[in-house]
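Asker: I have a structure here, written as structure tokens, and I will follow up with some questions on it.
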Amino acid sequence: MADEADRSGGVGVLFDIDDTLVDTKAAFGHALHAVMNEYLPGLQAERRAEVLHHWRRDPTGYYRAYTRGEIGYRAQRMARANELHVVFGGPELDEDGYDAWNVLFEVGFRSGWRAHPDAAPAVRALHAAGYPLGALSNASVEYQTLKLEAVGLSEHVPMLVGVDTLGVGKPDPRVFVEACRRLGTAMDRTAYVGDELDIDARGERGRSARSLVGPPGAEADRALGRGDRGRRGYRDRLASRASGPAGTTRPGLKRAAPGALRRAARGSAFGRARPLR
């Protein structure tokens, strides 16, 4: 890490994993396709897309409660499965029933793990340029390590901090502090790439790491010191596009900007990253 820090000017990059490096939405779709075939066979074809939307939205907030340390992983997953069945007409799952459900879900989910097409090129470019890289996530370290290995990114993006590291997840600022400590770069010299405006930007703001949240374009370029390329007011438009039900983001904000990071690696723009105030 020390040699990489010297090459990068002491600037590091932290990545979120789900829906940033990995196409988790598609993987969930793969898992829920199997669930619907087994547990919701009578569901009308036109409603199948609603199942994925409901699962990802998690309207009751069970997964957020898990990341706050209020309930366990199994409890939140079982509660979400049963809530899904209530909404779409599936059977109630007891402990044994949930075990069978979860096996089916996990097999489908893991078989659907794929990196976004531009993730590996961005990671390779940043690594070649000497930037220390790492990942933090609101899932467990072991689970996300398996995911990074499965999609071929673990060699250059080690899993540093998960929800089980401190017992809480993002947006708790301590998560970002610990990730930077393990990465070996100062908070104000670390760029963080995530996909959720209400979780990623709010959390890192508490400790002055620089966040790149949202679609590729001017915001990512400005964060790396490359100017706004004529797109003034981008942050305001980004914030307005993110408005909606609490705990949700609009589809346009589901991807971060590995393409912009790839361009930045070539231009060594990370050295001009600024704290987000």
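Asker: Can you report the number of residues in the range 40-65 which are hydroxyl-bearing (Ser, Thr, Tyr) and assigned to a helix (DSSP H, G or I)?
Answerer: Total satisfying the criteria: 2.
Asker: Further question: Just to check your reading of the model, which residue among Ala27, Ala31, Ala5 is modelled with pLDDT under 95, crowded, with 19+ Cβ neighbours inside 10 Å and part of a helix (DSSP H, G or I)?
Answerer: Result: Ala5 is the single residue among Ala27, Ala31, Ala5 that is modelled with pLDDT under 95, crowded, with 19+ Cβ neighbours inside 10 Å and part of a helix (DSSP H, G or I).
Asker: Are any of the residues in the range 133-148 surrounded by fewer than 17 Cβ atoms within 10 Å (Cβ to Cβ), touching a residue at least 24 places away in the same chain (Cβ under 8 Å), closer than 26 Å to Ala27 by Cβ and small (Gly, Ala, Ser)?
Answerer: Yes, the conditions are met somewhere in the range 133-148.
Asker: Given the residues Val157, Val123, Val168, which is the only one that is β-branched (Val, Ile, Thr), in the same structural domain as Glu196 (by TED's automatic domain parsing) and outside any loop (DSSP other than H, G, I, E, B)? Working first, answer last.
Answerer: Values: Val157 fails: outside any loop (DSSP other than H, G, I, E, B); Val168 fails: outside any loop (DSSP other than H, G, I, E, B).
None of the other options fit; the residue is Val123.
Asker: Could you tell me which numbered condition Asp96 fails, if it satisfies all but one of (1) surrounded by 14 or more Cβ atoms within 10 Å (Cβ to Cβ); (2) assigned to a helix (DSSP H, G or I); (3) not small (Gly, Ala, Ser); (4) not assigned by TED's automatic domain parsing to the domain that holds Thr165?
Answerer: Result: Asp96 passes all but (1).
The values are calculated or read from the model by the stated rules, or taken from the named source; none is laboratory data. All of these numbers come straight from a predicted model, not from anything done at the bench. In this analysis, Cβ positions are derived from the backbone assuming ideal geometry, glycine residues included, and neighbour counts consider all displayed protein chains.
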